1. Which pairs do you get when a residue that is under 13 Å from residue 799 (Cβ atoms) and modelled with pLDDT of 85 or more, found in region 813-835, comes within reach of a residue that is among the acidic types (Asp, Glu) and not in a strand (DSSP E or B), reach meaning Cβ atoms under 7 angstrom, with the pair 6+ apart or on two chains?
2. Taking residue 107 and the conditions (1) of a type in the set (Val, Ile, Thr); (2) surrounded by 23 or more Cβ atoms within 10 Å (Cβ to Cβ); (3) more than 24 Å from residue 432 (Cα to Cα), which numbered condition does it fall short on, given that it satisfies the others?
3. Out of 783, 742, 793, I need the residue that is at pLDDT 75 or above and closer than 30 Å to residue 658 by Cα. Which one?
4. Looking at this structure, is residue 760 aromatic (Phe, Trp, Tyr), open to solvent by less than 60 Å² (accessible area, probe 1.4 Å) and within 53 Å of the chain's Cα centre (by Cα)?
5. Could you list, ordered by first residue, the pairs with Cβ atoms under 7 Å in which the first is in region 644-658 and over 12 Å from residue 616 (Cα atoms) and at pLDDT 95 or above and the second is in a loop (DSSP other than H, G, I, E, B) and polar (S, T, N, Q), at least 6 apart or interchain?
6. Would you confirm whether or not region 128-135 contains a residue that is touching a helix residue (DSSP H, G or I) at 6+ places or on another chain (Cβ under 6 Å), surrounded by fewer than 23 Cβ atoms within 10 Å (Cβ to Cβ) and farther than 30 Å from residue 433 by Cβ?
7. Take residue 770 and tell me if it is aliphatic (A, V, I, L, M), at pLDDT 95 or above and open to solvent by less than 70 Å² (accessible area, probe 1.4 Å).
8. Given the conditions (1) within 25 Å of residue 669 (Cβ to Cβ); (2) within 45 Å of the chain's Cα centre (by Cα), and given that residue 701 satisfies all but one, which numbered condition is not satisfied?
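The values are calculated or read from the model by the stated rules, or taken from the named source; none is laboratory data. If you're wondering where the values come from, they're calculated on a predicted model, not measured in any experiment. In this analysis, Cβ positions are derived from the backbone assuming ideal geometry, glycine residues included, and neighbour counts consider all displayed protein chains. When the accessible area is computed, the model is the full protein with side chains, heavy atoms only, and any ligands, DNA or RNA have been set aside. Shrake-Rupley method; radii C 1.70, N 1.55, O 1.52, S 1.80 Å.
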Amino acid sequence: MRRLILCLITFIPACVAVHAQVTQKAAHKMSPSLRLVVQQQQRITADSIDLLVTVRDMSWLKTFPHARSVYAYVPAKAALVRMKPDALVLFVEQEEVLFADTHRKPIEELTTGVFDFTANHVRMAQHYYPVWNGNEIAVSIKEQMFDTADIDFRGRWFHSAPATQNAFNSHASIMATIAGGGGNSSPYAKGVAWGASLTSSDYVTLLPDADSIYRQYNISVQNHSYGTGIENYYGTDAAAYDKTVENNPVLLHVFSAGNSGASTPASGLYNGITGRANLTGSFKMAKNIITVGAMDSFFTAEAASSRGPAYDGRVKPDVVAFGTDGTSGAAALVSGSAAIVQHLYKSLHGVIPPASLVRAVLLNTADDMGTPHVDYTSGYGRLNVFRAMQAVAASRFFSDSVSPGATRTFSINIPAGLTGARILLAWTDRAGVPNAQKALVNDLDLTVRSISTNDTWLPWVLSPVPHADSLAAPAQRKKDTLNTVEQVTLEFPVPGPYTIEVKGTALASAYQHFSITWQFDSTNAFAWSYPTASNPLLNNRAHLLRWQTTLTGPAQMQYAVDGGPWQLAASIPEVSKGFHSWTLPVSEGRMQLRMVAGANTIASEVFTVSGRTDVKTGFNCDDTFHLFWNQVSDSFMLYQLGAKYMEPVYVTADTFAVLSKAQHPAFHYSVAPVLQGSEGFRSHTIDYRQQGVGCYFRAFFAVGVNQAASLTSTIGTTYGVTSVQFQKLTQSGYVTIAAVSPALTTIYTDPLMQRGANTYRAKLLLTSGAEVVSEPQTVYYLPDDPVIVYPNPGRQYQPVHIITMEPDIYELIVTDAAGRMVHRQALTDISQRFPSLVLPAGLYFIRVISQDGNTFTRKLVVY
């Protein structure tokens, strides 16, 4: 301490040398990136440097000179600290500092935002559990601010204290849409938890929000779709996120795994092993979170999706979900799924479930993918939202706690006729010490035992040995000493009673809370996933049809339209594949599918097939507006945007609607075709004000073509229009020069232009007797002289116009009869004005001088 005081008082170069000598003493408390900065003695040119640190006592930070806390998550004793670069090593060297890391810049991990809400059976879950849409759940999107003006978040977003003040970010808007879009702009924009409340939280510090924020706003899911680069250690941020769940047991953090699946880690236990341990951020090493990888629509892990294991050999990612252009969208999809699972549980039990239970349900109901059982590419498999909702609805779970050394035993009965059973244990562990060799603190062990046979099963465990072959090897049944999730699976289990045993093997606390869930897979099971009766399909395009089954072998997919005979749609070589791409053979109607697999015939629900409807604005007048759309059915449902969602207005057989603004103050409208009482695919929503249409006129313009004027009128609709008139301004007012039948676009040529300005307009005559006129347009005609002055003579105190053939090449000089210059200016536009009020009545000479020296002189009489 004496050396510290002396150095900080004098802060001479000798102290810097001392710092260099003690670098090795501090190195074990530094992250690899910070260690690199110090070891390579990189020159820091900035006035300050930011570190993420964990300390023994937060109050100590106030006593260290040349450093200040910018942000802190106090429960984990974690802070973002700003200090002078020369004080860095001296700071880390202090006994109060437990770990230090560079402050990295977060980067979003998605680019385009392609949606597929069928691959993880989201649309199936929404159909069978329509009430549980997350409307009692608050979801936070931790990154930059999403677009709060987006109608898909209408009435459901709220401001929380840590929300970023930056401009709206398209990536954040995509994440919010996937997790909780309302489907107002389009049916495609209906997110998983389409009823959830949404908020934003700034991610710049890389640390969690304050516990008070999560509690004040009842935030139970927070999405993190960003990374910082490949990192393999349990850092300050990872420990802090584990602590937030420890302090807020219902809070679930969902992180994207990263988009570095083919990369090679440069540090940590798995240094140099290509395609492994390349998660993009130490915060993704947290134990109490879900880290999500990405898959495509065909159940294949994306090559770019980051792989595990975590730095200490734990399973990462935990699960995969759809995300063909990055793991960001996959994480958002899981966040939305967690929200509707929480909502369903809350409706049944009155409270939000613990995060450990939500993790358990989402992981245990995932469909196995890739290497059998758990693996370092897809974790526990691909997310299956529908099965997760089934598990909660059927109460296939329980929660309890265990003390050190004790064993808790529970009984379940496994019915006959199963192909498999899955039992999963998950718990919220105490936060570990940053930079610990192993993150796990409280170790529980799961054992499943058959009462009738006395056979026992241990969980599936992966090899953490740092060798490519070991990391790719299938999981083995054994005791798990690393993970906070353990899963036992049984193939074709003997029916009867089983016990689930949870042992508190090694606990650093008086007890450990945990959650258990189980899943049964029946033989000969088959269920259509997409489409359902809630999913109308568009015609003339390929659709990826989906089902869930334990059946195997070839099958035939058949279809029937409007109750007609069954026809062959496709031969399916292997029905267990679960999907088939098919272009619908009908334009519109009510369709049904069925699968014939051996002795099994399973029909889908009846769904609607329709053409695409596009809504347009016909006119937007002061008191009314006109909408119209294409004819794709015999009747249509008109929708308008309500307080939160699109709401029906009425059913009509027409292909247009004229609405009173007083009775329909909404600006956003869409239309769905109605076939046999069922709605087809709803159109995209338009704001009728933003379609470039005024009161009938979309555009009117006039241009000079040789010695004629070409007039073009474009209107939004011909509805109620009896005639289109082209008019020309004369000394006696506007005179009609042509009248034609109404058309969306009408063109007329006036061959009789006058020298100077020719002003035109278009006028519509309506069936109601009313008239609508366009804004006037002027064409200038200069047949001989390059400059025209008008009016001439002109009244004093009235403007005088100067017209030139080309701008920027003329200068104007005005002199009076005695030769005195009274005005001078450059002519920078085709039509110019200069104020004649400064000119008393009299005779003036106007000279226009071109750049090449030519002079044109005109007389101007002002009276």
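1. Pairs found: none.
2. Unmet condition: (2).
3. 742
4. Taking the combined requirement at face value, the residue satisfies it.
5. From region 644-658, the pairs are 645/184; 646/184; 646/685.
6. Looking through region 128-135, at least one residue is touching a helix residue (DSSP H, G or I) at 6+ places or on another chain (Cβ under 6 Å), surrounded by fewer than 23 Cβ atoms within 10 Å (Cβ to Cβ) and farther than 30 Å from residue 433 by Cβ.
7. Against the criterion (aliphatic (A, V, I, L, M), at pLDDT 95 or above and open to solvent by less than 70 Å² (accessible area, probe 1.4 Å)), residue 770 does not qualify.
8. Among (1) within 25 Å of residue 669 (Cβ to Cβ); (2) within 45 Å of the chain's Cα centre (by Cα), the lone unmet condition for residue 701 is (1).
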